[in-house]
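I have placed the structure first, in the form of C-alpha cells, so that the comments after it can refer back to it.
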Amino acid sequence: MRLPSALLAVACALPAQTLDPAAAGFRRLWNGTDLQGWHGQRHFDPAQLAAMDPEARAKLRAEDDATMRAHWRVEAGELVNDGEGAFLTTDADFGDAEYRLEYRTVANADSGIYLRGCPQVQIWDCTEAGGKWQLGADKGSGGLWNNQTHERFPPRVADKPFGEWNRLEIRQLGERVWVTLNGVVTADGVVLENYWDRTRPVPARGPLQLQTHGGEIRFRELWGRDIPADEANAVLAARDAPSFVPIFDGETFAGWQGDVDSYEIVAGTIRCRAGKGGNLFTVDSFGDYVVRLQFRLPPAGNNGLAIHYPGQGDPAYAGCEIQVLDDTAPQYAQGEPWQFHGSVYGVVPAQRGYLRPVGEWNFEQVTVRGTHVTVELNGTTIVAADVSKLPTHLGERHTGKDRTEGHFGFCGHNDPVAFRDVQLRRL
C-alpha cells in the first residue's frame, strides 16, 4: 500500500532503535577489527583541503594518519582514542544520511561527531565537576554546540553515567540535523551552521569524523545509510504540513491561468511541453507566503518560479523569477552567478551544488515576506536576501523587482521540467 507523503514522513521519523540496522538498510561503517575504511584528519576546513595541491594534501594526510595510528587503537571490538591525535575520518563521503553509533567516555572528556567535515554533534562531561558549565555543558550532550544563530543546546540532559554506553542516532538532510541521544530528541531538524564559513551552508557531501579532545572515548556499533531522495523529500515536506494547502489538484488546471496549452498534466505532475514556453500562473494573487513543491529536471532543463507576477509580461522583469535550472549542464557553465539554479534571476546568486542528480525529484521551498526572499533546496538554504536592497543586472526593464503582491507560477523555457505536490501557505 502506498502511504501519503505526510504519513511516510512520520514513518521515516520513528525511533531508529526499533529496527535492526541491517534490516533497515544500514551498513557497518567499521569492521570491528582494524582501521580499514578510515583515515586521520585534523580539525581542518574541507574547502581549504579541497583547494590544496595534491602534493600538499598528501603530506597533510600522511601526518594525520601517523597521529591517528599513534592515538587510536582497536580493543575487544571497540574503537579507543586516548584524547589526542587526528580525528578518525571515513574514507567515504556522505550526503543525506543516517547514522547510529554507541560511545562511552570518561570524566573531563570532550568530544563530538563532525558531519560532512563540519563540527559538530557535541559529546562531553555534563557534570559540574567537569568544569564546563559556563560553556553549556550543564545542558548535556547531543546538541549542535558550534551553532551561533540556530539552536545549540538540547532540551534536557540525556547522558548516561560514566562507564555506561550512550547511543546516538543522527539524521542529516541538507543542512538540517536530527539527533536522538539515549532515546531523547536533542536536535529536531536544526540547521547545522558551517563553522568554517558562516556565509555559506554546510557542504552537500563530506566525511563523518570522530573527534578527539582531551580524554578517552570509545566507540562501537557504527552504522550508516544513505537516504534516498524520495524519503528525504517526504521528511522535509512533513514539516508544518497541516498549515499548507495544495494549489494544484494533480488532475486539472483548476485555479491556474495563462499559457495552459504549453503545459500538460502527467501522472499527477504539471509538466512544460517540450518545445513550448510561456507562463502558467495562479488565478489567486498572494502577498507574503511560503510555497513548497517538488521538481524534476531533464538534462539541461530550464524553467522558473514566478514570484509576485502581475499577470502580464515576462515574470523575470515584471516580477521576480526564481531559476529552476540544470546548472550542471555544459552549456550553462559560463553563466552569470545570478542565472544558476535557485537564484533570483538578475539579482541574487544562489549557493550552488545542492541539486540532486538530473532525473531525481528535488524538494524546494520559497518564503516571500515583502521583498525578502528565502529559497531552500533539498533542506539547504541557498538564497536569503531582501531584493529591494540589491541592484538588478537586468536594467530598466526590471520594473517588478520590488513588488509585494502578485501571482505565483511557472516560467516555461521549452524544456519538459515537471512539478508536483505544489502547496502554499499564506503568511
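Since every read-out is calculated from the coordinates, none of them should be taken as a lab result. Computed from a predicted model, the values in this text were never measured in an experiment. Because the Cβ atoms are built from the backbone with ideal geometry, glycine has one as well, and the counts that use them run over all protein chains shown.
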Checklist line | From phi via Karplus (6.51, -1.76, 1.60), per-residue ³J(HN,Hα) for the stretch 309-322 in Hz, x at Gly/Pro | finding: 6, x, x, 9, x, 7, x, 5, 10, 7, x, 10, 10, 8
Item checked: Phi to ³J(HN,Hα) by Karplus 6.51 cos²θ - 1.76 cosθ + 1.60 over the stretch 260-266, Hz, x for Gly, Pro -> 4, 5, 8, 10, 9, 9, 10
Next item on the list: Would you mind checking the radius of gyration and Dmax of the stretch 5-233 based on alpha-carbon positions, in Å?
Entry: 16.9, 50
Check: Which order do Glu336, Glu164, Glu175, Glu231 fall in if you start with the one that has the fewest other Cβ atoms within 10 Å?
Finding: Glu164, Glu336, Glu231, Glu175
Notebook entry, point to check: Would you list Phe244, Phe281 from fewest to most Cβ contacts within 10 Å?
Noted result: Phe244, Phe281
Next item on the list: State, as an integer percentage, the relative contact order of the chain based on alpha-carbon contacts under 8 Å between residues 6 or more apart.
Entry: 17 percent
Next item on the list: Could you compute the FRET efficiency for Leu49 and Lys389, with r as their C-beta to C-beta distance and R0 at 22 Å, rounded to 0.05?
Entry: 0.05
Next item on the list: Would you mind estimating how fast the stretch 244-426 diffuses translationally, via Stokes-Einstein at 20 °C and 1.002 mPa s with the Kirkwood radius over Cα pairs, in µm²/s?
Entry: 134 µm²/s
Notebook entry, point to check: If r is the Cβ-Cβ distance from Gln36 to His150 and R0 is 30 Å, what FRET efficiency results, to the nearest 0.05?
Noted result: 0.25
Item checked: Packing-based exposure ordering (other Cβ within 10 Å, fewest first) of Trp361, Trp38, Trp196 -> Trp196, Trp361, Trp38
Check: Among Gln172, Gln120, Gln148, which one moves the most in a GNM of the chain with springs linking Cα atoms closer than 10 Å?
Finding: Gln148
Checklist line | Approximate shape of the stretch 258-299 as ellipsoid semi-axes (Cα gyration tensor, √5λ), whole Å, largest first | finding: 21, 15, 10
Margin query: What whole-number distance in Å separates the alpha-carbon centres of the stretch 363-401 and the stretch 103-168?
Written below: 37 Å
Next item on the list: Obtain the nm distance between the two label points defined at Arg198 and Val283 by a simple spin-label model: each point lies 7 Å from its Cα along the Cα-to-C-beta direction.
Entry: 4.8 nm
Check: Efficiency by 1/(1 + (r/R0)^6): what FRET value for Asp230 and Glu63, r their Cβ-Cβ distance, R0 = 30 Å, to the nearest 0.05?
Finding: 0.10
Margin query: If I model a spin label at Ala300 and Glu84 as a point 7 Å from the Cα along the Cα→Cβ vector, what separation in nanometres do I get?
Written below: 5.9 nm
Check: Tell me, what HN-Hα J-couplings in whole Hz come from the Karplus equation 6.51 cos²θ - 1.76 cosθ + 1.60 at θ = phi - 60° for each residue of the stretch 145-157, using x for Gly and Pro?
Finding: 4, 7, 5, 10, 9, 8, 3, 9, 10, x, x, 7, 6
Next item on the list: Please compute P(r) over all alpha-carbon pairs of the chain, binned at 20 Å starting from zero, and give each bin as a whole-number percent.
Entry: 25, 50, 24, 2
